[in-house]
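Trainee: Just dropping this structure here.
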Amino acid sequence: MLSREEVLKIAKLARLTLTEDEIAFYQKQLTRVLGHIQDLNQVQTSKEAFVQHVPNDAESFREDRAAPFANPEGLMRNAPAVENDSFLLPTIVEHS
Amino acid sequence: MSLEKYESVIGLEVHAQLMTQSKMFCRCPNQFGSSPNTNVCPVCTGQPGSLPVINKKAIELGVRAAVALSCEIHPESVFARKNYFYPDLPKGYQISQYERPYSTQGHIVVRLKSGDEKRIGITRIHFEEDAGKSNHESYGTLVNLNRAGVPLIEIVSEPDMRNAHEAGQYLRALHSILRYADICDGNMEEGNFRCDANISVRLRGTEKFGTKVELKNINSFKFVEKAIEYEIQRQVFAIESGEKIIQQTRSWNSGKNVTEVMREKEQAHDYRYFPEPDLPKLMISSKWFEQIKKEMPELPKEACERFKKAFELSDYDASVLTSSKELAKYFEAVVAHCKNGKASANWVMNELLGRLNAAGREIGDTPVSETQLAALIKKIDSGEISGKIAKTVFEEMFATSKDASSIIKDKGLVQISDPAALESVVRKIIEGNPSQFAEYKAGKVKLLGFFVGQAMKETKGQANPALLNELVKKLLDS
Ligand SMILES: [Zn+2]
């Protein structure tokens, strides 16, 4: 079982503030997720068994030609707030 | 405070944008100064389902840099995700290289003001993508993603530098190499060449490194040197007053000439690096590598050797003239027009660079063009003006950007090479100084110089010096 402190550390990395109920909830849920990873660790992935797909030069690279995307405005429309053609976010305070 | 007791240890990290047409993993233009968020697409804004594809040219430029910096190149390297949260990083991770960079173990040899050379090691070079840009306003943060995904190489030095001057020279040499090889345009104001410095101090003779402080994003060579100098003194002073150096990130305030705390590093960053699953391993075949090597542009040290041979320049002159690509190009253009390498070197180094430095200007905004300087040198070579007058003319050219010929005409500075005209001047001087003439005749031959000087003064320096000398001697002895 994940400790309360471990959950709080993960929450901090994810910039989340959790209630007491949520801490208890994530202790259980994250423990289950990690348990699944434990299961995956049993899969045989020695060097011989693990062969990464190695494509040839032609398929792994792109020639350096610029082609502007046709609909950048469409991407902006996904944003909750826009100002001066920029994504507007709440003021960022440098995290320390 | 006793600075001499301490030794500082400096390592630099440089981020250099690669001069490609398109971004690292998408086809958006790699272009500075476009309207905000116009060079963006699903890939570089981190839209679900989009996939990165590696820009071949970016890899080639990176390999070029590794060759130029005498680095080892690894035929197989791996892209990794560096996870952190910041609004200008839309994917929530930066594609970088971590455990297996494409290049390691290189070096640069830099020239110090003492005349010595120093070899500074390069730990590694790796590829990564740039983040977007945040502008902090009172009402919130504005994010522009035009820069997100622009290709970068990060060049990490060994902690080999011991003072601000060495760090400055390392940066200048690195900058020059990247510019020469057309890898990075080197524009520091636009942030295309950025430097972070790690600095610690320790008692001389000790092995263990002191606690290091990181200086972030300093945008000129001069500021890097000033910031490091300040930081070394600050740390020594703190230690001497019994304080402990805290590991932190600081920035240079160029208005106040001090470094200031940006953030304390209370714990090592947890970037949760892992191999980028959306990209294959980066394979650089030997065939490709050979091809890139074959297409390498000339590097500063090669240009230096060529200048020495072609224009019969000293080691020092050639290294100054090839210290930047712009300067080397300028010099070559001057020689091409006037066909006098030695004179071109003297004029560019002594007169032009001297004045540019004094005015705090770069060769890029010289008021005297290559052809203008060449025309001036030609006038000296043809005897139209003396070297001395040429300096006056050049001063005027530098101030007004006018051609030498129009300045010479306007000010009536043409050299007097007419023997009859000069002879009358010399006679006048001799007649006006009877006692010196008598002394000369009595054997005080040193007075020849006096008569030449007076005649030169009379002609406002415009007399042809060789001819004048000859005439004075002839008339005194007749
Ligand atoms: Zn894009």
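Trainee: Over all alpha-carbon pairs in chain B, figure out the percentage whose distance exceeds 32 Å.
Mentor: In whole percent, the long-distance tail amounts to 56.
Trainee: For residue B:208, go through the aspartates and glutamates and keep the ones whose alpha-carbon is under 12 Å away, minus same-chain ones fewer than eight residues off.
Mentor: Filter leaves B:7.
Trainee: Leaving ligands, DNA and RNA out of it, rank B:111, B:204, B:124, A:77 by accessible area with a 1.4 Å probe, largest first.
Mentor: On the way: B:111 80, B:204 140, B:124 50, A:77 175 Å².
The residues order as A:77, B:204, B:111, B:124, largest area first.
Trainee: For region B:298-411, list log₁₀ I(q)/I(0) at each q in 0.09, 0.13 Å⁻¹, using the Debye formula over Cα point scatterers of equal strength and ignoring solvent, two decimals each.
Mentor: -0.22, -0.46
Trainee: For A:61, B:450, give me the order by solvent-accessible area with a 1.4 Å probe, most accessible first, ignoring ligands, DNA and RNA.
Mentor: Most to least solvent-accessible, the answer reads B:450, A:61.
Trainee: If you add up the charges near residue B:407, with Lys and Arg at +1 and Asp and Glu at -1, over every other residue whose beta carbon is less than 10 angstrom from its beta carbon, what do you get? Don't skip to the end; give the middle numbers.
Mentor: Numbers: positive: B:402, B:409, B:411; negative: B:395, B:396, B:403, B:410.
So the environment of residue B:407 carries a net charge of -1.
Trainee: How far is the Cα center of region B:192-220 from the Cα center of region B:367-398, in Å?
Mentor: So the two Cα centres are separated by 46 Å.
Trainee: Something else about it: Cα-based Rg (one decimal) and Dmax (whole number) for region B:419-477, in Å?
Mentor: 10.4, 30
Trainee: Accessible area per residue of the protein assembly as shown at 1.4 Å probe, in Å²?
Mentor: Accessible surface, normalised per residue, equals 52 Å².
Trainee: Straight-line reach from residue B:222: which lysines have Cα under 21 Å away, leaving out those fewer than 8 places along the same chain?
Mentor: B:113, B:118, B:256, B:325
Trainee: Enumerate the calculated ³J(HN,Hα) couplings along region A:76-82 in order (Karplus 6.51 cos²θ - 1.76 cosθ + 1.60, θ = phi - 60°), each rounded to whole Hz, writing x wherever the residue is Gly or Pro.
Mentor: Residue by residue, region A:76-82 yields 5, 5, 6, 7, x, 8, 10 Hz.
Trainee: Which of the aspartates and glutamates could a cross-linker span from residue B:446 if the Cα-Cα distance has to be under 14 Å and same-chain partners fewer than 8 positions apart are dropped?
Mentor: Straight-distance partners of residue B:446: B:477.
Trainee: Moving on to the next point. Apply the Karplus curve 6.51 cos²θ - 1.76 cosθ + 1.60, θ = phi - 60°, to the phi angles in region B:42-54 and return the couplings in whole Hz, x for Gly and Pro.
Mentor: Karplus values, whole Hz, x for Gly and Pro: x, 5, 7, 9, x, 6, x, x, 7, 10, x, 10, 6.
Trainee: Mind ranking B:224-236, B:431-443 by how tightly packed they are, going by the mean number of other C-beta atoms within 10 angstrom, highest first?
Mentor: On the way: B:224-236: 21.0, B:431-443: 12.3.
Order by mean packing, descending: B:224-236, B:431-443.
Trainee: Counting residues in region B:70-151 as N, plug N into 2.2 N^0.38 Å and put the Cα Rg over that result.
Mentor: Output field value: 1.53.
Trainee: Tell me what chain B gives for mean residue ellipticity at 222 nm when only DSSP H runs of n ≥ 4 count, each as -39,500 (n - 2.57), the sum divided by the residue total, rounded to 500 deg cm²/dmol.
Mentor: Result for chain B: -12000 deg cm²/dmol, rounded to the nearest 500.
Trainee: What dipole magnitude, in Debye to the nearest 20, does chain B give about its Cα centre under +1 on Lys/Arg Cβ and -1 on Asp/Glu Cβ?
Mentor: Dipole of chain B, to the nearest 20 debye: 600 debye.
Trainee: Order the following by accessible area, largest value first: B:112, A:16, A:8. Probe radius 1.4 Å; ligands, DNA and RNA are ignored. Write down the numbers at each step before the final one.
Mentor: Values: B:112 25, A:16 100, A:8 70 Å².
Solvent-accessible surface, decreasing: A:16, A:8, B:112.
Trainee: Still on this structure: Taking the Cα centre of the protein assembly as shown as origin, sum charge times position over the Cβ atoms of Lys and Arg (+1) and Asp and Glu (-1), and report the length of that vector in debye to the nearest 20.
Mentor: With Lys and Arg at +1 and Asp and Glu at -1, about 1260 debye.
Trainee: Roughly how large is the B-A contact in terms of buried accessible area, totalled over both chains, probe 1.4 Å, nearest 100 Å²? Let's see the in-between values first.
Mentor: Working: alone 24180 and 9410 Å², together 30070 Å².
In total, chains B and A hide about 3500 Å² from solvent.
Trainee: Could you work out the pair-distance distribution P(r) of region B:124-225 from its alpha-carbon pairs, with 5 angstrom bin width and percents rounded to whole numbers?
Mentor: Calculated P(r), rounded to whole percents: 2, 10, 17, 22, 17, 13, 9, 6, 2, 1, 0.
Trainee: Compute the signed sum of charges (Lys and Arg +1, Asp and Glu -1) over the other residues within less than 14 Å, Cβ to Cβ, of residue B:222. Display every interim value, and only then the final one.
Mentor: Values: positive: B:172, B:226, B:361; negative: B:189, B:225, B:229, B:362.
My count for the surroundings of residue B:222 gives -1.
Trainee: Further question: Let me know the shape class of region B:248-369, please: from the alpha-carbon gyration tensor, a ≥ b ≥ c as square roots of the eigenvalues, rounded when a/c is under 1.5, otherwise prolate if a/b is greater than b/c, or oblate.
Mentor: Taking the square roots of the gyration eigenvalues as a ≥ b ≥ c, region B:248-369 is oblate.
Trainee: In debye, nearest 20, what is the charge dipole magnitude of region B:280-334 about its Cα centre with +1 on Lys and Arg Cβ and -1 on Asp and Glu Cβ, if you could check? Please list the in-between numbers first.
Mentor: Details: 10 positive and 10 negative charges, 79 e Å.
The calculated dipole for region B:280-334 is roughly 380 debye.
Trainee: From the square roots a ≥ b ≥ c of the eigenvalues of the alpha-carbon gyration tensor of the protein assembly as shown, which class results: rounded (a/c under 1.5), prolate (a/b over b/c), or oblate?
Mentor: Prolate shape, in that a/c is at least 1.5 and a/b is the bigger ratio.
Trainee: Whose amide H sits under 5 Å from the amide H of residue B:273, counting only residues 5 or more places off or on another chain, with H placed in the peptide plane?
Mentor: Result for residue B:273 returns B:83.
Trainee: Hey, which of these cross-link pairs are over 22 Å Cα-Cα: B:56/B:133; B:342/B:388; B:287/B:309; B:23/B:216?
Mentor: B:56/B:133; B:287/B:309; B:23/B:216
Trainee: How big is region B:348-478 by the Kirkwood estimate over distinct Cα pairs, in Å?
Mentor: Mean inverse Cα-Cα distance, inverted, gives 16.4 Å.
Trainee: Check residue B:79: other-chain or 5+ apart residues with amide H under 5 Å from its amide H, H built from backbone geometry?
Mentor: B:276, B:282
Trainee: Which whole-number percent of Cα pairs in region B:194-235 have a distance greater than 12 Å? Kindly include the intermediate steps, with their values, before the conclusion.
Mentor: Working: 508 of 861 pairs.
Percent of Cα pairs beyond 12 Å in region B:194-235: 59.
Trainee: Once the other residues with Cβ under 12 Å from the Cβ of residue B:126 are scored (Lys, Arg +1; Asp, Glu -1), what is the net sum? Can you show the working numbers first?
Mentor: On the way: positive: B:82, B:100, B:124; negative: B:13, B:99, B:128, B:129, B:154.
Charge balance near residue B:126 sits at -2.
Trainee: Counting only other chains, what is the mean number of Cβ atoms within 10 angstrom of the Cβ of each residue in peptide A:67-77?
Mentor: Per-residue shielding by partner chains comes out at 6.
The values are calculated or read from the model by the stated rules, or taken from the named source; none is laboratory data. On a predicted model such as this, the values are computed, not experimentally measured, just so you know. With ideal geometry, Cβ positions are generated from the backbone for all residues, glycine too; neighbour counts draw on all protein chains shown. Please note that ligands, DNA and RNA were not included when accessible areas were found on the heavy atoms of the full protein model with its side chains. Shrake-Rupley method; radii C 1.70, N 1.55, O 1.52, S 1.80 Å.
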